[in-house]
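Data first, discussion second: the structure below is written as structure tokens.
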Amino acid sequence: MNISPALEDYLESIFIINAKKSSVRVKDMAKFAGVKPPSVIEALNHLQDKGLVEHEPYGYIELTSEGHKLAESIYEKHNILKKFFNEILGIDEKTAGEDACRIEHYLSKETLDRIVNFIRFIETAPSAEQKPNWLNNFHYFMKHNKRPPCCPKPEKGK
């Protein structure tokens, strides 16, 4: 289903709030998203028109079966990207989360699948409890702005 990034964010927020609380209300979403209740209601109307949520005025908000699947997919994508940015690229957790939120709506399934497989590959390496040497070397490079002593820069033309 094709919905805007803003509506995806609202759908994801319902999913997240619902995981923490047994019920979701407009005021919960407004607080979570940092917006005013009328903005939430407008978004809910669009999501309801698309069959993704059920909401009666002044009542609880519930994801439909299709809405739950889509919200869970968006949330999963966010977490995978955040993990990639934080654990692989070494970006601080807050920035990694913010960046994941910004780009989660625009990545193709193919690109996201590659990132997921890349993370799985690293996590299932023979020494899964330790980062692979090349990843440790990359983190050293990012921290010190130079290659680690064990990895001299190759000469040009080789």
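Throughout, read-outs are computed from the coordinates displayed, never taken from laboratory work. On a predicted model such as this, the values are computed, not experimentally measured, just so you know. Reconstructed Cβ throughout: ideal geometry from the backbone, glycine too, with neighbour counts over all protein chains shown.
If you take all other residues with their beta carbon under 14 Å from the beta carbon of Phe85, and give Lys and Arg +1 and Asp and Glu -1, the sum is -1. Among the chymotrypsin sites (Phe, Trp or Tyr not before Pro) in the stretch 1-98, those placed in a DSSP loop whose Cβ has at most 16 other Cβ atoms within 10 Å are Tyr58, Tyr60. If R0 is taken as 35 Å, the Cβ-Cβ distance between Ala19 and Tyr140 corresponds to a FRET efficiency of 0.40.
Checking every one of the GluC sites (Glu not before Pro) in the stretch 50-156 against DSSP loop status and a limit of 12 other Cβ atoms within 10 Å picks out Glu129, Glu155. Sort the stretch 5-70 into rounded, prolate or oblate with this rule: let a ≥ b ≥ c be the square roots of the eigenvalues of the Cα gyration tensor; rounded if a/c is under 1.5, and if a/c is not under 1.5, prolate when a/b is larger than b/c, oblate otherwise. It comes out rounded by the Cα gyration axes. Distance between the pseudo-spin-label points of Tyr106 and Asn79 (7 Å out from Cα toward the beta carbon): 2.5 nm.
Here the chain is treated as an ellipsoid with the same Cα gyration tensor; its semi-axes, largest first and in whole Å, are 41, 15, 14. Computed over the stretch 72-144, the percent of Cα pairs more than 17 Å apart is 47.
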